[in-house]
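Report on the structure given below.
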Amino acid sequence: MRSFIINIIRIRHAFYKLRSSELNKERKGELAMFRNIICTLAAIVLIATPLLAEESNFTKAENFLKIGRYYDAISALEAQIQLKSDDAKAYFMLGNIHLRLNNFAGADKEFLAAVTFRSAYRDEVAKKYFVLGLASLQMYRPIGGLIRPKNSKEVDKAINFFAQTVKYQPSMVKSIADSCFRAGKDCLNLSQPDTAEKLFAFARRDTSLVKQIKVEETKYGERILAEAKKELSEEKRQIAIKYLGQEKVNAEFPPKDWVMVFEKTYPGKGIGEGDEGAIVTAYFGKQILRGDRIRVSGKEFEVWEGRWIRQHDKYEVVSRYSGPVDT
C-alpha cells in the first residue's frame with residue numbers, strides 16, 4: 001500500500017514538472033495522458049481503501065482471537081461495523097465472542113443483528129445454542145453404568161439455551177423435546193421431581209411425547225406411594241397424590257385420622273423441674289409409635305428437637321421415630 005501511494009506521488013510530480021516546461025504539441029498530448037492516469041489511480045485508491053480497511057479489521061479480529069485477546073477482537077469488529085453498519089459477518093463474530101465470555105445477553109443482541117442482515121445465519125446460531133443446551137444436560141446421561149445428578153441451575157441454563165435455539169430455528173423443537181424427555185426420566189430416577197417437571201414442561205412442546213411423559217410420571221408416583229406406605233410417610237403420600245390423584249392414593253393409603261391416644265394435662269412450671277421431667281410426667285406409661293400425631297398445648301413450653309425449642313399455645317408433630325418410645 002505504501003509503495004502504491006509513493007508511485008502516485010511520483011506521477012503527480014512528473015505531471016507538474018511537465019506542465020511547467022515549454023510545451024509543444026506532442027508534450028501537450030503527453031500531459032493529457034498523465035492527467036488521465038492520475039485520475040484513474042485516484043479513483044482506484046478511493047475504491048480500494050475501504051476494502052483494505054475492511055479486510056484489515058477482520059484480520060485483526062481473527063489474530064486477536066487466536067491469542068485470547070477477546071476484547072481487542074471486539075474493538076476491531078466494532079470498528080468494522082462503523083465502516084459498514086449492516087455487516088452480518090461482523091455481528092456474527094461478535095456474538096460468538098460474547099458466548100465465549102458467557103455474556104449471553106450480549107451474544108443474543110449481536111446474533112439478532114446478524115440474522116437481520118443475513119437470514120442464513122439462523123441455522124448456525126440455533127446450532128450453537130443447541131450444543132450449549134446439550135452440554136448443560138450431559139451429566140444426566142449414564143456414565144459407567146451410573147447416572148450422576150445435575151444442579152438445578154444447570155438445568156435452568158439448558159432450558160434457556162433451548163428456548164434460544166427454537167427462537168432462531170423453530171424446526172429443532174422435536175430434537176430438543178426428545179433430549180428434555182430423556183433427561184426428565186433420569187431426574188425421576190434420581191428422585192428429583194421438581195427438576196424433572198421443568199424438563200417435561202419443555203418436552204411437552206412436542207405433543208407426541210405427552211402420553212410418554214404421563215407414563216413416566218405415573219411410574220414415579222407408584223414408586224413414591226409404595227415408599228410412603230412402607231415408611232408411613234405423610235410427606236411422600238402427598239407427593240404421590242400429585243402424580244396419581246387423591247382418590248387412588250386414599251384408596252391404597254388412607255390419610256391417618258386424628259385418634260386420641262391419651263390426654264393428660266400437666267400443670268408444670270417449665271424447664272425448672274429437670275428439663276425433660278415435665279414431658280416424661282405427661283406421657284408416662286403411654287407408648288408413642290411412628291406416625292402418631294402429637295399435640296401439645298399450653299401458654300409456653302419447650303419441645304426437644306435435637307435441642308430445646310420454645311413453643312407457645314399449641315404444637316403439633318408427627319412422630320418419625322422408628323421404634324416405640326414412652327416419652
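Read-outs throughout are calculated quantities, based only on the coordinates presented, and are distinct from any laboratory measurement. None of these values were measured; they are calculated from a predicted model. Please note: Cβ atoms are built from the backbone with ideal geometry, for glycine as well, and neighbour counts cover all protein chains shown.
Alpha carbon centre of the stretch 178-198 versus the stretch 65-130: separation in Å?
The distance from the Cα centre of the stretch 178-198 to that of the stretch 65-130 comes to 34 Å.
Hey, which of these cross-link pairs are over 18 Å Cα-Cα: Lys128/Lys198; Lys128/Lys153; Lys128/Lys167; Lys214/Lys248?
The pairs that break the limit, which is 18 Å between Cα atoms, are Lys128/Lys198; Lys128/Lys153.
Pulled fully out, how much extra length does the chain show between His312 and Ile294, if you take 0.36 nm times their separation in residues and subtract their Cα-Cα distance?
Going from the current span to full extension adds 5.0 nm.
What is the fewest-to-most order of Thr195, Thr218 by other Cβ atoms lying within 10 Å of their Cβ?
Thr218, Thr195
I need His98, His312 ordered by Cβ neighbour count within 10 Å, fewest first.
Result, fewest neighbours first: His312, His98.
When the Karplus curve 6.51 cos²θ - 1.76 cosθ + 1.60 is applied with θ = phi - 60°, which whole-Hz ³J(HN,Hα) does each residue of the stretch 94-108 get, with x for Gly and Pro?
With coefficients 6.51, -1.76 and 1.60, one gets 4, x, 5, 5, 5, 4, 4, 8, 6, 9, 5, 5, x, 5, 5 Hz.
Give me a comma-separated list of calculated 3J(HN,Hα) values for the stretch 204-211, in order, Karplus coefficients 6.51, -1.76, 1.60 applied at θ = phi - 60°, integers in Hz, x for any Gly or Pro.
Using θ = phi - 60°, the values come out as 5, 5, 9, 4, 5, 9, 4, 5 Hz.
Mind checking the full-extension length gain between Arg122 and Ala201? Use 0.36 nm per residue of separation minus the Cα-Cα distance, one decimal, nm.
So the extension gain works out to 26.0 nm.
For a protection proxy built on the mean count of beta-carbon atoms within 10 angstrom, sort 84-92, 119-127 highest first, please.
84-92, 119-127
Return Arg205, Arg237 ranked ascending by Cβ neighbour count within 10 Å, so the fewest neighbours appear first.
Fewest-to-most Cβ neighbours within 10 Å comes out as Arg205, Arg237.
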